[in-house]
Each structure stands twice: as structure tokens, then as C-alpha cells.
1. Inside the range 129-140, can you point out the residues that are of a type in the set (D, E) and surrounded by 11 or more Cβ atoms within 10 Å (Cβ to Cβ)?
2. So P102 ticks every box in (1) within 28 Å of the chain's Cα centre (by Cα); (2) touching a residue at least 12 places away in the same chain (Cβ under 8 Å); (3) open to solvent by 60 Å² or more (accessible area, probe 1.4 Å) but one. Which box is left unticked?
3. Spot the failing condition for T48; the list is (1) over 30 Å from R136 (Cβ atoms); (2) surrounded by 11 or more Cβ atoms within 10 Å (Cβ to Cβ); (3) among the β-branched types (V, I, T), and only one is missed.
4. Got a sec? Which of A59, A111 is open to solvent by less than 60 Å² (accessible area, probe 1.4 Å), under 25 Å from P147 (Cβ atoms), modelled with pLDDT of 90 or more and in a helix (DSSP H, G or I)?
5. Give the residue, chosen from D22, D52, that is under 32 Å from the mean Cα position of the chain (by Cα) and modelled with pLDDT of 80 or more.
6. Given the residues S126, S150, which is the only one that is in a helix (DSSP H, G or I) and open to solvent by 70 Å² or more (accessible area, probe 1.4 Å)?
7. Which is surrounded by 10 or more Cβ atoms within 10 Å (Cβ to Cβ), touching a residue at least 12 places away in the same chain (Cβ under 8 Å) and among the hydroxyl-bearing types (S, T, Y), of Y27, Y96, Y40, Y23?
8. Given the structure, is A28 at pLDDT 85 or above, among the small types (G, A, S) and more than 33 Å from the chain's Cα centre (by Cα)?
Amino acid sequence: MQSWIRSGEFSVIWRFIGALKDYFIYYAIVGTIVAAFLIYVTIAKIFTTPADLLAFAMAGANAWGLLLITVMLGYGLVEVPRGLWFMASSKWNLRYLEFQAPKRKEVMVDAEAELFEVAREIALASNRVDHDDALRTYVDRLLKICPLASEERIYEDEEEMPEM
């Protein structure tokens with residue numbers, strides 16, 4: 001899902017192909033590690049029967065589950081009641097939101113600045129790509145997605161800029 005979302009492709013098919021490629025790379029690495037372990041176990045003859053290998057896999061799965069339970073239980077025993085206690089207090093919620101407001105404002109201002117920079121780059125691309133160019137369809141699609149870019153005027157020279 002993450003590679004689908006972070007894909008920069010325009011069409012669904014190319015996004016799907018890119019996500020499949022990322023998944024293939026990930027599972028190829030994991031499969032190689034598992035295959036190397038199985039080859040090692042076969043050569044070293046640690047497990048003489050398939051039942052021994054199955055018992056080892058079950059013990060590993062149980063150990064992993066117990067580790068996760070231990071880690072999550074310690075966090076959950078404290079955090080869940082604390083979260084419920086704080087969510088019930090409107091005074092604490094107000095203080096928390098007042099504390100979070102400046103951070104959110106800063107994030108919003110940064111995102112707005114980034115949006116204007118992207119709109120400027122799209123407008124610059126729109127000015128540089130001719131109407132009969134093959135890339136024009138993508139530029140028009142970007143202009144449709146980001147209408148702020150069509151309002152943005154790009155001045156190639158500083159002398160063309162109007163006085164403020």
C-alpha cells in the first residue's frame with residue numbers, strides 16, 4: 001500500500017506495476033534469507049526429520065508472539081487507561097490542543113509554502129512546454145489538479161516583474 005501511495009505515476013496501471021515491482025523486491029529479499037536458512041539447516045543437518053524443523057518453526061513463532069505480547073502489554077496496561085482518563089477531561093484536552101496549535105500552524109505554513117513552490121514549478125513547466133509537445137498532456141493534467149499553478153505568473157527575467 002505504501003508503494004502505491006508514494007508512486008509518482010499518473011495512471012492506475014503504472015502505479016500497480018510499480019507497487020508490484022516493490023513488493024517483488026521485498027519478498028525476493030525475504031525469500032532469499034529464508035532459503036539461505038533452509039539450505040544451512042539442510043547442510044548442517046541440525047534437524048534430522050521434518051518434524052524437528054516443524055517443531056523449531058513453532059517454537060520460533062511462539063517466542064516471537066511472547067515477545068510481542070510482553071512489549072505491547074507493558075505499553076497497553078499503562079497507556080490505555082491513561083488515554084481514557086485524559087480524554088474524559090475537557091480541561092486537559094483544551095490544554096493539549098492549545099499546546100498543539102502552534103505546531104500545527106507551523107506545519108500548515110510549511111505546507112502552504114511548499115504548495116506555492118510546486119505551483120510555481122508547474123507554471124514554469126507550463127510556460128516551457130509547447131502546446132504540440134508530447135508532455136503537454138501531463139502538464140495540462142497537473143494544471144487541472146493544481147489550479148493555483150494556472151494563476152501563477154512566471155517571470156523569466158527579474159526586469160519583467162511588476163513593481164509592488
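The values are calculated or read from the model by the stated rules, or taken from the named source; none is laboratory data. Predicted model, so just to flag it, every value in this text is computed and none were measured. Ideal geometry is used to build each Cβ from the backbone, glycine not excepted, and the neighbour counts take in all protein chains shown. Quick note on the areas: whole protein, heavy atoms, side chains included, nothing else; ligands and nucleic acids left out. Shrake-Rupley method; radii C 1.70, N 1.55, O 1.52, S 1.80 Å.
1. Restricting attention to the range 129-140, the residues satisfying the condition of being of a type in the set (D, E) are 130, 132-133, 140.
Selection gives D133, D140.
2. (2)
3. Exception for T48: condition (2).
4. Numbers: A59 fails: under 25 Å from P147 (Cβ atoms).
None of the others qualify; the one that does is A111.
5. On the way: D52 fails: under 32 Å from the mean Cα position of the chain (by Cα).
Exactly one of D22, D52 is under 32 Å from the mean Cα position of the chain (by Cα) and modelled with pLDDT of 80 or more, namely D22.
6. Numbers: S126 fails: open to solvent by 70 Å² or more (accessible area, probe 1.4 Å).
Within the list S126, S150, the selection yields S150.
7. Details: Y27 fails: touching a residue at least 12 places away in the same chain (Cβ under 8 Å); Y96 fails: touching a residue at least 12 places away in the same chain (Cβ under 8 Å); Y40 fails: touching a residue at least 12 places away in the same chain (Cβ under 8 Å).
Result of the check over Y27, Y96, Y40, Y23: Y23.
8. Numbers: at pLDDT 85 or above: yes; among the small types (G, A, S): yes; more than 33 Å from the chain's Cα centre (by Cα): no.
Criteria not met by A28.
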